[in-house]
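*Asks:* If you scroll down you'll find the structure; I have some questions about it.
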Amino acid sequence: MLVTALAIASVRDLFAAVMLMGIYGLLSASFFVLMDAVDVAFTEASVGVGLVPLLMIYTLGMTRDVNREAKASPGSLALVSIAAALLFFGTLDMPAFGSADAPAHRHTAPRYLDESMTETGIPNVVTSVLASYRAYDTLGEVTVVFAAGVGVLALFFPGASSTLDAGNPSLRQYTVPRIIGKILIPPILIFALYVQFHGEYGPGGGFPAGAIFASALIMYAMLFGLQTLKRVVNHELIRVLAAAGVLLFGTVGVLGMASGGNFLDYDYLAADAKTGQHAGILLVELGVGITVASVMLLQFLAFADRKNAMENG
Amino acid sequence: MIAAIAGIVSAAALGLGSLLLLSGALGLLRFPDFYTRVHASGITDTLATGLIVAGLMPHAGWSQDLTKLILILVFIVFVSPTAVQVLVKSALHGGLVPVTRKSS
């Protein structure tokens, strides 16, 4: 991974750099699998190897292909070295990586692992920690995803003019990808739903499910044309859904407060605490999945529309 | 008896799959040109990965894992050759000229 990172920084051809980023994402995902963090590996594989290089390639198509020669500046090199040294110095105080004495492994991790099944009743501890014990952090993550989508829309809002005479370029004339795509897209969508709702029992959850759902629709757009996708999927609806996911998450949290508990306390959502936890986790993951899928799709639509307008407008 | 046969078949499939993966990697390194490399690694990778997944099936037994393995096998058989086809098509579209005996 170190070699790949150095190669990304030093290579001049930006297209090669994007491909190397994909390789780096694949290495990260394998690394996560080796460390038994399958949920994270899942999300990294779908986002870091699929969607991010895709958006980067669109960006390259709109800008230039080769890195401009940057002037070596000793001042900035010194500044970065000082900042890096300070960061290293700051980590010296932290417990060693993976040490059994660390407070995280002595207090919080055993408590979550021991109490998760009795308190929440779902087997996948990763999901119970993500969606129930640390739901506040996940709310922050979903809001960040939403904010990123809003940021992209602020830069690239697809206007009415970009859709009129942009044509409908697609890969429809290439037989093999078209047929295989037609066969594969429905199972991929079903798989995304499986990952979404099965996140409690196996690896999965809202984040990878949203990414997989969006990538199936993006494949549809590439095979059959952007305008075709827009007829299938209403742009207004996607914008509303992106916000609706975050809203669902927050509402579930506030509902807990309305019945007397803390914010995001799922125990009060139903008559019995375990059912409440189950319902809360399900709804919260659903909100995450909806927002992630909508934001990914929005970003793709914004980039693709802009590129289309630049080429044909 | 059946278990012994299944064990032998599984071991043979896994071994053959690993050998094919090795040969595909060798081809990736040694062939002179993009098209020959993609052909070598793409075709052997599909068969090798399929054999490895098939070799894991007897170990899974009749369970939910078997269904997942079958689905993975079907997916790989569909997608891997398509990926090779799309790679080669886009390279041709981009103008990469294959190495021929005249040019080398």
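*Asks:* Just need the Rg to Rh number for segment A:198-313, please, alpha carbons only, Kirkwood Rh. Show your work: numbers first, answer last.
*Replies:* Numbers: Rg = 17.7 Å, Rh = 15.7 Å.
Rg divided by Rh gives 1.13.
*Asks:* How high is the relative contact order of chain B, given as a whole-number percent (alpha carbon pairs under 8 Å, six or more residues apart)? Intermediate results must be reported in sequence, preceding the final value.
*Replies:* Working: 86 pairs, mean separation 31.9, N = 104.
Once divided by the residue count of chain B, the mean separation gives 31 percent.
*Asks:* Quick one: of A:Lys307/B:Lys89; A:Lys182/B:Lys89; A:Lys230/B:Lys89; A:Lys230/B:Lys68; A:Lys182/B:Lys68, which pairs are farther than 29 Å apart, Cα to Cα? Display every interim value, and only then the final one.
*Replies:* Values: A:Lys307/B:Lys89 22 Å; A:Lys182/B:Lys89 19 Å; A:Lys230/B:Lys89 27 Å; A:Lys230/B:Lys68 33 Å; A:Lys182/B:Lys68 21 Å.
Beyond 29 Å between Cα atoms: A:Lys230/B:Lys68.
*Asks:* Rounded if a/c is under 1.5, else prolate if a/b is larger than b/c, else oblate: which is segment A:1-61, with a ≥ b ≥ c the root eigenvalues of its Cα gyration tensor? Don't skip to the answer; put the middle values down first.
*Replies:* Values: a/c = 4.65, a/b = 1.53, b/c = 3.04.
Since a/c reaches 1.5 but b/c is at least a/b, the shape of segment A:1-61 is classed as oblate.
*Asks:* Compute the convex hull volume of the Cα atoms of chain B, divide it by the residue count, and report the result per residue in Å³ as a whole number.
*Replies:* Values: hull volume 9.3 nm³, N = 104.
Dividing the Cα hull volume of chain B by its residues yields 89 Å³.
*Asks:* May I pose another question? Considering the Cα positions of segment A:101-251, please state its Rg to one decimal place and its Dmax as a whole number of Å.
*Replies:* Cα only, segment A:101-251: 20.0, 64 Å (Rg, Dmax).
*Asks:* While we're here: At 222 nm, what helix-only mean residue ellipticity would the protein assembly as shown give, in deg cm²/dmol to the nearest 500, using -39500 (n - 2.57) for each DSSP H run of four or more?
*Replies:* Values: 17 runs with 310 residues, N = 417.
Rounded to the nearest 500, the figure is -25000 deg cm²/dmol.
*Asks:* Compute the Kirkwood hydrodynamic radius of segment A:1-120, taking the inverse of the mean of 1/r over all pairs of distinct Cα atoms, and give it in Å to one decimal.
*Replies:* Working: mean 1/r = 0.0554 Å⁻¹.
About 18.1 Å, per the Kirkwood formula over Cα pairs.
*Asks:* Continuing with this model, one more query. Applying the Karplus parametrisation 6.51 cos²θ - 1.76 cosθ + 1.60 with θ = phi - 60° to the phi angles of segment A:133-141, what ³J(HN,Hα) value in whole Hz is obtained for each residue in order, glycine and proline being reported as x?
*Replies:* Karplus-based 3J(HN,Hα) across segment A:133-141 equals 5, 10, 5, 4, 4, 5, 4, x, 4 Hz.
*Asks:* What translational diffusion coefficient, in µm²/s and rounded to a whole number, does the Stokes-Einstein relation yield for the protein assembly as shown at 10 °C and a viscosity of 1.306 mPa s, taking the hydrodynamic radius as the Kirkwood radius over Cα pairs?
*Replies:* Numbers: Rh = 24.8 Å.
Approximately 64 µm²/s, per Stokes-Einstein.
*Asks:* A further question on this structure: Quick one: net charge of A:Gly206's neighbours, Cβ under 12 Å, K/R +1, D/E -1? Don't skip to the end; give the middle numbers.
*Replies:* Details: positive: none; negative: A:Asp39, A:Glu141, A:Glu200, A:Glu285.
Charge balance near A:Gly206 sits at -4.
No value in this document is a laboratory result; all are computed from the given coordinates. In this text the structure is predicted, and so the values were computed from the model without any measurement. A quick note on method: Cβ atoms are made from the backbone with ideal geometry, for glycine too, and the neighbour counts reach across all protein chains shown.
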